[in-house]
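Quick notes on the structure that follows.
Since every read-out is calculated from the coordinates, none of them should be taken as a lab result. As the structure is a computational prediction, the values presented were derived from the model and not from experiment. So basically every Cβ, Gly included, is an ideal-geometry build from the backbone, and we count neighbours across all protein chains shown.
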Amino acid sequence: METPKHNDEFSALLIAAIDEGLGTVLDEPTCKGIEYHVYKEVIARSLGSFAMALQTIFGVQGAWLFEDAILRKLYEKVGVKYDANNDIPFEMQVEQLRRLAARKASSSSLGPK
């Protein structure tokens with residue numbers, strides 16, 4: 001079961017991955033412009049809307065570049081090998097990773113200290 005603390009920690013990882021992922025595709029002024037218009041904290045809670053906004057702004061292929069970059073960074077931050085799966089929507093992949101991170105956190109907190 002996910003705890004509020006885990007949700008906050010995962011959201012922080014997601015926000016950092018969004019920053020870094022966008023930074024691999026865009027220059028800094030453009031990233032700042034996007035951040036100005038779309039608050040990162042809102043993005044972390046409403047991934048479906050974020051994904052739709054990316055598609056509206058950059059088209060399907062452009063959005064895929066951003067989503068892929070963000071997912072790569074997020075997987076790295078959670079400590080899981082990234083395996084691109086284009087058949088699963090971005091927000092579903094993030095949710096799967098959120099559950100996996102919760103299981104990892106839960107199992108590590110149960111181990112010997």
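Students often check this: by mean Cβ neighbours within 10 Å, which of 69-77, 52-60 ranks highest, and how do the rest follow?
69-77, 52-60
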FRET efficiency, S107 to A16 (Cβ-Cβ, R0 25 Å, nearest 0.05):
0.65
Taking 8 Å as the Cα distance limit and 6 or more residues as the minimum spacing, I'd like the relative contact order of region 4-104 as a percentage.
36
Ellipsoid semi-axes in whole angstrom, largest first, where each is sqrt(5λ) of the Cα gyration tensor of region 4-104
20, 15, 13
Expected output is a single nm value to one decimal: the length gained when fully extending between M92 and Q61, i.e. 0.36 nm times separation in residues minus the C-alpha distance. What is it?
9.4 nm
